[in-house]
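Below is one structure, written out as structure tokens, with a few remarks after it.
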Amino acid sequence: MDDNNWPESGDFVVCTVKNVTDFGAYTTLEEFGGKEGFIHISEIKAGWVKYVRDHVREGQKVVCKVLNVDSSRRHIDLSLKDVNEHQKRAKIQDWKNEQKAFKWLQFVSEETGTSKDEMDKIKPKLLESFGSLYSAFEEAAISGEDAFNDVKMKKKIVTSIVKVAQSNIKLPFVDIAGYIDLNCYLPDGIEIIKMALEAGNKIEEEGVKIDISYTGAPRYRIKVIAPDYKKAESVLKKSSKAAIDTIEKLGGKGEFHRHNDTVKA
């Protein structure tokens, strides 16, 4: 049990009911090393509760809201009534996702021959960078090894995480493309075009990937992969605008095309 790992007031937590009494229910917190929490009878449901067992039972998984944490007394006050159905479903899904991600990290450990101690050092890095283990795998599925550019990890571990992520996470996404014509006849025109392409590639949106490729002078293809069409279109417009604004500012010309029509000579 990690004695330094405690929930905060306002957190939603997944609990297993351990013992039901006349005045409430004792639970263990699944995400916090089995630390014990207590749901007072007044926090079971809105209104008057005569029998706690009419509402919860031993072994049941419930989602609770943390009311108060006293780590010195090792006491956590919980509320069941302050959690609505939407919050309950979202929390259960997040918890299940984290369980999956934990198992996937075990696969990574086995595939790369990484010790448990070393993997235990990697987990905090992933949590700090992505917010959750599952989010780390989700980003890996979307962006590949680029998702870990700012995380200090061994190459073989990053490669394995991406492999596991792309094998297990099927992300809903849309894939659209647009085209930009970039021309610059100045002596350093090639460098200016490169700068324009870099500007277009720097547009960042969560869960979105941009890929710019050469299709034939003077045309470049901007491919955008995003969770939904609206976001994809928005990023495509921002990327093309950034590239065109950059090249025009530096003495060249740029033009956006939604479809790959034949370029006139």
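Condition check ((1) of a type in the set (A, V, I, L, M); (2) within 28 Å of Lys116 (Cα to Cα)) across all residues:
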position	(1), (2)
Leu133	yes, yes
Asp146	no, yes
Thr159	no, yes
Ala165	yes, yes
Ile169	yes, yes
Pro172	no, no
Asp175	no, no
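Being in a helix (DSSP H, G or I) and over 13 Å from Ile122 (Cα atoms) is the filter here, so list the residues in the stretch 144-154 that pass it.
Correct list: Gly144, Glu145, Asp146, Ala147.
Please go through the stretch 202-211 and give me each residue that is modelled with pLDDT of 90 or more and out of contact with any Ser or Thr (no Cβ under 7 Å at 6 or more places or on another chain), ordered by number.
Passing the criteria: only Lys202.
What pairs come up if the first residue lies in the stretch 12-34 and is without any contact (Cβ under 8 Å) to a residue 12 or more places away in the chain, the second is surrounded by 21 or more Cβ atoms within 10 Å (Cβ to Cβ), and their beta carbons are under 9 Å apart, counting only those six or more places apart or on different chains?
none
Answer yes if at least one residue in the stretch 25-47 is exposed (fewer than 11 other Cβ atoms within 10 Å of the Cβ) and among the basic types (Lys, Arg), and no otherwise.
Looking through the stretch 25-47, none of the residues is exposed (fewer than 11 other Cβ atoms within 10 Å of the Cβ) and among the basic types (Lys, Arg).
Of the conditions (1) closer than 13 Å to Trp6 by Cβ; (2) touching a residue at least 60 places away in the same chain (Cβ under 8 Å), Asp70 clears all except one; give me its number.
(2)
Go over the candidates Ile222, Ile212, Ile203, Ile193 one by one and state the one that is closer than 13 Å to Ala243 by Cα, in a loop (DSSP other than H, G, I, E, B), outside the structural domain of Glu128 (by TED's automatic domain parsing) and of a type outside the set (S, T, N, Q).
Ile203
Please verify whether the stretch 178-190 includes one or more residues that are assigned to a helix (DSSP H, G or I), over 15 Å from Ser240 (Cα atoms), without any contact (Cβ under 8 Å) to a residue 12 or more places away in the chain and assigned by TED's automatic domain parsing to the domain that holds Ile247.
Scanning the stretch 178-190 turns up at least one residue that is assigned to a helix (DSSP H, G or I), over 15 Å from Ser240 (Cα atoms), without any contact (Cβ under 8 Å) to a residue 12 or more places away in the chain and assigned by TED's automatic domain parsing to the domain that holds Ile247.
Return the pairs, sorted by first residue and then second, in which the second residue is of a type in the set (Asp, Glu), the first residue lies in the stretch 131-151 and is more than 22 Å from Lys91 (Cβ to Cβ), the beta carbons are less than 7 Å apart, and the residues are 6+ apart or on different chains.
So the pair list comes out as Ala147/Glu139.
Please state which one of Glu98, Glu139 is out of contact with any Leu (no Cβ under 9 Å at 6 or more places or on another chain) and not assigned by TED's automatic domain parsing to the domain that holds Gly24. Break it down into steps so the answer makes sense when it comes.
On the way: Glu98 fails: out of contact with any Leu (no Cβ under 9 Å at 6 or more places or on another chain).
That would be Glu139, the only listed residue that is out of contact with any Leu (no Cβ under 9 Å at 6 or more places or on another chain) and not assigned by TED's automatic domain parsing to the domain that holds Gly24.
If I filter the stretch 80-99 down to residues being in a helix (DSSP H, G or I) and among the aliphatic types (A, V, I, L, M), which single residue comes out as surrounded by the fewest Cβ atoms within 10 Å (Cβ to Cβ)?
We begin by selecting, within the stretch 80-99, every residue in a helix (DSSP H, G or I); these are 85-99.
Then keep just the ones that are among the aliphatic types (A, V, I, L, M); that gives 90, 92.
Details: Ala90: 13, Ile92: 15.
Among those that are in a helix (DSSP H, G or I) and among the aliphatic types (A, V, I, L, M), it is Ala90.
Can you find a residue in the stretch 200-215 that is of a type in the set (S, T, N, Q) and free of Cβ contacts under 8 Å to residues at least 24 places away in the same chain? Break it down into steps so the answer makes sense when it comes.
If we filter the stretch 200-215 for residues that are of a type in the set (S, T, N, Q), which is where we start, we get 201, 213, 215.
After this cut, where a residue has to be free of Cβ contacts under 8 Å to residues at least 24 places away in the same chain as well, the list is 213.
Within the stretch 200-215, one or more residues are of a type in the set (S, T, N, Q) and free of Cβ contacts under 8 Å to residues at least 24 places away in the same chain.
In contact with a helix residue (DSSP H, G or I) (Cβ under 8 Å, 6 or more places away or on another chain), surrounded by 13 or more Cβ atoms within 10 Å (Cβ to Cβ), at pLDDT below 90 and under 24 Å from Lys209 (Cβ atoms): which single residue out of Ile169, Ile157, Ile180, Ile161 fits that description?
Working: Ile157 fails: at pLDDT below 90; Ile180 fails: at pLDDT below 90; Ile161 fails: at pLDDT below 90.
None of the others qualify; the one that does is Ile169.
The values are calculated or read from the model by the stated rules, or taken from the named source; none is laboratory data. Since we're looking at a predicted model, the values are computed, not measured. All Cβ positions, glycine included, derive from the backbone under ideal geometry; neighbour counts span all protein chains shown.
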